[in-house]
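Below is one structure, written out as structure tokens; the observations come after it.
A short reminder: the numbers here are calculations on the coordinates, not readings from a lab. All figures in this text were calculated on a predicted structure; none of them were measured in a lab. Note that we place each Cβ from the backbone using ideal geometry, even for glycine, and neighbour counts take in every protein chain shown.
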Amino acid sequence: MNVYLKCIEANCQKVLPSNTKSYVCPQCGGLLDVLYDFQLGDPEEIKRVFQQRRLSNDPLDLSGVWRYRELIPFCPDPTKVVSMQEGNTPIYEAPRCADYSGLKRLYLKHQGLNPTGSFKDNGMTAGVTQALLMSSKIVACASTGNTSASMAAYAARANLKAVIFIPDQQIAFGKLSQSLDYGGLTLQIQGDFDEAMKMVKEITEETDVYLLNSINPFRLEGQKTIIVEMLAQRGWQVPDRVVVPGGNLGNSSSFGKAIKELYDLGFIHKMPMVTIIQAARANPLYRTLIYQSPRLIPVEAHTLATAIKIGNPVSWKKAVRAMDWTRGWCDVVSEQEIADAKAIIGRDGIGCEPASATTVAGIKKLVQTKEIDRDEDVVAVLTGNLLKDPDYTINYHQDSLFEMASYKNELIERKDKIQSTYSNAPIKVEPKKSQILKLLGL
Ligand code: F0G
């Protein structure tokens, strides 16, 4: 199998060997794709092979990423694969979310049920495997917390050193605790995610340290399988639309590539629209599209959904490409809309971290504006687990969630309080049976 890297810029298209330690095109600075000369044969036969692997106990087949290895065939040596049985995440029907957003039916694919609690594991199994193929000893990333948790875990499994750049005081505690426990060297950069990203890019360009942010195209190969697994779980019934939160825009980029490849290879005969939802004050992609700018319009990002508090997303051109390929679009939702949607996802017994709730909030908005039809078949991808950011959830339910804005790295409390529309606060009660029975109305 011929595997190579190719610059995505139409006027460049430089081709490089797959083992080049370069995350962008050395000629023009463009983003790179991992490409293959696919020779797969009959897609229906391969779908059957994927299905049969569900009965197998082979470690590769047990992974919800490597089960689909024909579609990410960059690793010639299966013994190099670093897997924690990632993927394998459920699709839930979510009736309360459907009702809330005005759809007849809504499905949530919960990537938060991965080994480290986010979709990053789908990408990290691929990225760390490539790090081994490149004989790297140290891996690094900038992160709002989930990439770092995932990288630290997979690096530990592969016996690699993990170096993590996180924005000081701006990541959820659940995520920070993970990277510490998994043994990652954790550097709290006094700045925001975009500054942490700039530092790690410089350091990985100048040293042998291998970069595992989503600018690394091998990570995106792993994340493609979120779409493949979703389609396989639906018996290859293609939904009308896939909705995903937008931060650094790696996930939406990989969804676009997966959909386009599956379509070109004849696995599917229509493309679901990739719909990206950003937080209203962390909206560089949305702004760029609205102003029809040929260059990204970066912003100073503010949102309580810290996972997507990103103002200068590296993969934005691939995300635009994903929307172009699939006739998708991008929209924004407010902090209030995110908080309420998250509570409704919780009420469905599913739950997620704040960034993931942009999806249901965005669907509600787009149904109201008639962009989405009530009958549409929609799958929203929940990206992170409820337990990642318990502070947010508790503050919401105790009616004490405030928008905090960080200006020039100082935290300033703003007065904009989030209304706890769907709060479910704990009740303090004395240990007296009569009082408890009274509370229960019994
Ligand atoms: N949802 C969650 C839970 C995330 O952690 C992230 C990104 C996103 C959505 C956005 O995904 O960047 O592919 O557009 N988190 C990164 C991190 C940036 O460092 O953990 P994206």
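Tell me yes or no: at least one residue of the stretch 298-316 is among the charged types (D, E, K, R) and in a helix (DSSP H, G or I). Explain how you work it out, then say what you get.
Going residue by residue through the stretch 298-316, those that are among the charged types (D, E, K, R) are 300, 309.
Going one step further and asking which of them are in a helix (DSSP H, G or I), we end up with none.
The answer is no; no qualifying residue exists.
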| Looking only at the stretch 10-34, which residues are closer than 24 Å to E206 by Cβ and either touching a helix residue (DSSP H, G or I) at 6+ places or on another chain (Cβ under 8 Å) or in contact (Cβ under 8 Å) with a residue 24 or more places away in the chain (or both)? | S18, N19, K21, Y23, V24, G30, L31, L32, V34
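Checking the structure you have, find out if any residue of the stretch 195-205 is in contact with a helix residue (DSSP H, G or I) (Cβ under 6 Å, 6 or more places away or on another chain) and either within 16 Å of the ligand (Cβ to nearest atom) or of a type in the set (K, R) (or both). Walk me through how you get there before you give the answer.
The first filter runs over the stretch 195-205 and keeps only residues in contact with a helix residue (DSSP H, G or I) (Cβ under 6 Å, 6 or more places away or on another chain), leaving none.
No, that holds for no residue.
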| query | What number of residues within the stretch 254-284 satisfy the criterion of being outside any helix (DSSP H, G or I), under 15 Å from A380 (Cα atoms), touching a Phe, Trp or Tyr at 6+ places or on another chain (Cβ under 7 Å) and in contact (Cβ under 8 Å) with a residue 60 or more places away in the chain? | reply | 2
| message | For the list (1) away from the ligand (no atom under 16 Å from the Cβ); (2) touching a helix residue (DSSP H, G or I) at 6+ places or on another chain (Cβ under 7 Å); (3) at negative phi, I need the number of the one condition that W236 fails. | response | (3)
| Would you pick out the residues in the stretch 232-258 that are surrounded by 24 or more Cβ atoms within 10 Å (Cβ to Cβ) and among the aliphatic types (A, V, I, L, M)? | V242, V243, V244, L249, A258
